[in-house]
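Shown next, in structure tokens, is the structure this report addresses.
Read-outs throughout are calculated quantities, based only on the coordinates presented, and are distinct from any laboratory measurement. This is a predicted model, so every value here is computed, not measured. A quick note on method: Cβ atoms are made from the backbone with ideal geometry, for glycine too, and the neighbour counts reach across all protein chains shown.
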Amino acid sequence: MLVDGVPMRTIGFGADGSVEVIDQTRLPLDLVVRMWSTVEDAAVGIETMEVRGAPLIGVAAAHGVALAMAEDPSLDGLGAAVDRLTATRPTAANLRWALQRMDDALRPLDSMDRPGAAMALAERLADEDVAACQAMGDAGLPLLTAIAEQRVGRPVRVMTHCNAGWLAAVDWGTALAPVYRAVEAGVAVEVWVSETRPRNQGASLTAWELGAHGVPHTLVVDNACGHLLATGQVDVVLVGADRVAANGDVANKVGTYLKALAADANGVPFHVVAPTSTVDHRCPDGAAIPIEERSPDEVTHLAGRPIAPLGTSAANPAFDVTPAALVTSLVTERGIVACTPEGIATLPR
């Protein structure tokens, strides 16, 4: 996507074999490209959310394996790298999916062949992610054009949550890919961006990337979204996902469930946009999805400053689960399917 007219990706290999990533903890004030030289750099970068978003986490982990193979291409080195990266974040299905692909491809090889193969496969996963996101944009575009045909004279008003744009992937993104495609197609679109406490990914990341690409948008506090849905100011809700269970339940950034409830109560379509790598056919339902619990400091502090009395107890679940019954459809790179056991079963394992 474009940043002030210049195309960028979130991750890639540098000329010296290091991994270059946009450090998302520095946005929106500073656009900083950080270099990872070791697998530990990659693991810490994922844990501290220098990179985040389910698709990007998977691709970043693959790049971390490539860094590990450059240092120690033995089977022990491969196993240690996969174990370390698997432990970084528990909820996103793409992490284990990407690491399994790396392990399956590299384990049968001779040690001397693993470094080059690891780098090539990591780059291939990045390219596959871009293609999948473009395909999701194409699949979701008709949802927005159909609304535009009914809303002549005003933009299509899209609500999103957290960041499911190109910063959450390698390029294009998931939930925002249909928005970017609509803009390219000349469809007037405006986006309601919820701030997404406690890390404010909507405010810091979604608003930044939409602005950099020239997409009209308005930032609102999370608690305003029910009001906007109830007063007819939203035409459609598009969100991403960190894991989709076999029955169609969806784990996404905490706060998604509340938007789904409000959308359902007010007859507003609620679509989940995610690649098939986010679907976990082994996970029976949302109750089986592990929910990451992050530091309470993210809740009690803002930009390092306390916003609650010292010693206040805080809980910080990073995700919640939206029941399949509240999801209008699942938009994937293979098309749109129902968020039902039957619909999910049609997707590749």
* Asked: Quick one: helix 54-71 against the long Cα principal axis of the chain, what's the angle to the nearest 10°, folded into 0 to 90?
  -> 10 degrees
* Structure fact -> In debye to the nearest 20, the charge dipole size for segment 266-307, taken about the Cα centre with +1 at each Lys and Arg Cβ and -1 at each Asp and Glu Cβ, equals 100 debye
* Structure fact -> Gly286 neighbourhood, Cβ < 12 Å, K/R = +1, D/E = -1, net charge -4
* Any idea what angle helix 75-86 forms with the longest principal axis of the chain, computed on alpha-carbon atoms, 0 to 90 degrees, nearest 10? -> 20 degrees
* Asked: With charges set only on the Cβ (+1 for Lys and Arg, -1 for Asp and Glu), what does the dipole of segment 140-345 come to about its Cα centre, in debye to the nearest 20?
  -> 300 debye
* Out of the DSSP beta bridges found with both residues in the chain, what percent are antiparallel (nearest 5)? -> 50 percent
* Where both residues lie in segment 140-345, what percent of DSSP beta bridges are antiparallel, nearest 5? -> 40 percent
* Give the shape of segment 140-345 as rounded, prolate or oblate, defined through the alpha-carbon gyration tensor: a ≥ b ≥ c are the square roots of its eigenvalues, a/c under 1.5 means rounded, and otherwise the shape is prolate if a/b is larger than b/c and oblate if not. => oblate
* To do: Return one number: the angle in degrees, 0 to 90 and rounded to the nearest 10, between the long axis of the Cα atoms of helix 114-150 and the longest principal axis of the Cα atoms of the chain.
  => 10 degrees
* To do: Quick one: compute the contact order of segment 140-345, relative version, from alpha carbon pairs under 8 angstrom and 6+ residues apart, as a percent.
  => 20 percent
* Structure fact -> Between Arg349 and Thr231, the two model label points (7 Å from Cα along the beta-carbon direction) sit apart by a distance in nm of 4.9 nm
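How much length is gained on full extension from Arg154 to Leu302, taking 0.36 nm per residue of separation minus their Cα-Cα distance?
Length gained between Arg154 and Leu302: 49.6 nm.
As an exercise, use a Förster radius of 25 Å and the Cβ-Cβ distance of Ala288 and Ser313 to find the FRET efficiency, rounded to the nearest 0.05.
Efficiency at R0 = 25 Å is approximately 0.35.
Net charge near Gly214: determine it from the other residues with C-beta under 13 Å of the C-beta of Gly214, scoring Lys and Arg +1 and Asp and Glu -1.
Working: positive: none; negative: Asp4, Glu184, Glu190, Glu209.
Combined, the nearby Lys, Arg, Asp and Glu give -4.
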* Separation of the Thr48 and Ala80 label points, Cα + 7 Å toward Cβ, nm -> 2.2 nm
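Contour minus end-to-end for Ala338 and Asn223, with contour as 0.36 nm per residue of separation and end-to-end as the Cα-Cα distance?
Values: separation 115, 0.36 × 115 = 41.40 nm, distance 2.85 nm.
So the chain would gain 38.5 nm between Ala338 and Asn223.
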* Structure fact -> Summing +1 per Lys or Arg and -1 per Asp or Glu among the other residues with Cβ less than 12 Å from Arg349's Cβ gives 0
